[in-house]
Amino acid sequence: MGFITGQSYTRQEIREIVGGGSVHNYLPYDENGRILCVCLSREHDPDGQKVILVGSGPSVQREAEMFCLQNTAVPVFYKKELNQWEYQGDFKPERWTDDPEEIRPFAESSGRINLTKIIFLQKIE
């Protein structure tokens with residue numbers, strides 16, 4: 001079963017389709033370290049499906065690095081409301097940066113001060 005663009009799913013439904021462990025990670029992954037999907041909150045990623053704003057926690061950084069190195073398309077979801085995640089399509093990392101000068105405008109527009117990396121996404125048709 002595939003996802004339908006614009007339709008909402010619970011994290012449990014997403015996990016049942018893509019697999020993986022935790023329903024709490026923003027980049028859920030399988031036992032082989034393969035990122036299975038992206039689940040983002042618009043409060044933390046105001047540009048929507050264009051970028052992932054990566055914070056400073058060790059697991060957050062590790063999962064972001066796994067996604068960048070994997071460089072394959074995965075389903076992307078944005079939180080609409082409590083446990084309702086809207087499917088946006090399949091995206092892959094187009095490029096990423098940890099350059100503070102490039103990160104600064106994203107930190108300012110999002111109000112987040114702990115950004116360590118920006119991942120720019122490319123939609124796959």
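I need a count of the residues in the range 87-103 that are in contact (Cβ under 8 Å) with a residue 60 or more places away in the chain and buried (at least 19 other Cβ atoms within 10 Å of the Cβ).
At the first step, the residues of the range 87-103 found to be in contact (Cβ under 8 Å) with a residue 60 or more places away in the chain are 87-89.
With buried (at least 19 other Cβ atoms within 10 Å of the Cβ) added as a condition, the list becomes 87-88.
Adding up the residues that qualify gives 2.
Checking the conditions here, which among ILE14, ILE52 is under 14 Å from the mean Cα position of the chain (by Cα), in a strand (DSSP E or B), among the β-branched types (Val, Ile, Thr) and surrounded by 12 or more Cβ atoms within 10 Å (Cβ to Cβ)?
Values: ILE14 fails: in a strand (DSSP E or B).
Within the list ILE14, ILE52, the selection yields ILE52.
Hey, any hits in the range 60-73 for a residue that's of a type in the set (Phe, Trp, Tyr), surrounded by 12 or more Cβ atoms within 10 Å (Cβ to Cβ), closer than 24 Å to THR10 by Cα and touching a Ser or Thr at 6+ places or on another chain (Cβ under 9 Å)?
Checking the range 60-73: not a single residue is of a type in the set (Phe, Trp, Tyr), surrounded by 12 or more Cβ atoms within 10 Å (Cβ to Cβ), closer than 24 Å to THR10 by Cα and touching a Ser or Thr at 6+ places or on another chain (Cβ under 9 Å).
Do you know which residues across the range 18-58 are modelled with pLDDT under 90 and touching a Cys at 6+ places or on another chain (Cβ under 7 Å)?
Within the range 18-58, TYR26 is the sole residue that qualifies.
Scan the range 57-82 for residues that are part of a strand (DSSP E or B) and of a type in the set (D, E, K, R) and report the count.
So the answer is 3.
Might you let me know whether the range 50-59 holds any residue that is farther than 21 Å from ILE118 by Cα and among the aliphatic types (A, V, I, L, M)?
Within the range 50-59, none of the residues are farther than 21 Å from ILE118 by Cα and among the aliphatic types (A, V, I, L, M).
Within the group GLY33, GLY55, which residue is of a type in the set (Gly, Ala, Ser) and touching a helix residue (DSSP H, G or I) at 6+ places or on another chain (Cβ under 6 Å)?
From the options GLY33, GLY55, the qualifying one is GLY33.
Scanning for something under 21 Å from ILE14 (Cβ atoms) and within 16 Å of the chain's Cα centre (by Cα), does the range 105-117 turn up at least one residue?
No, the range 105-117 contains no residue that is under 21 Å from ILE14 (Cβ atoms) and within 16 Å of the chain's Cα centre (by Cα).
The values are calculated or read from the model by the stated rules, or taken from the named source; none is laboratory data. What you are looking at is a predicted structure, and each value in this text was computed from that prediction instead of being measured. Reconstructed Cβ throughout: ideal geometry from the backbone, glycine too, with neighbour counts over all protein chains shown.
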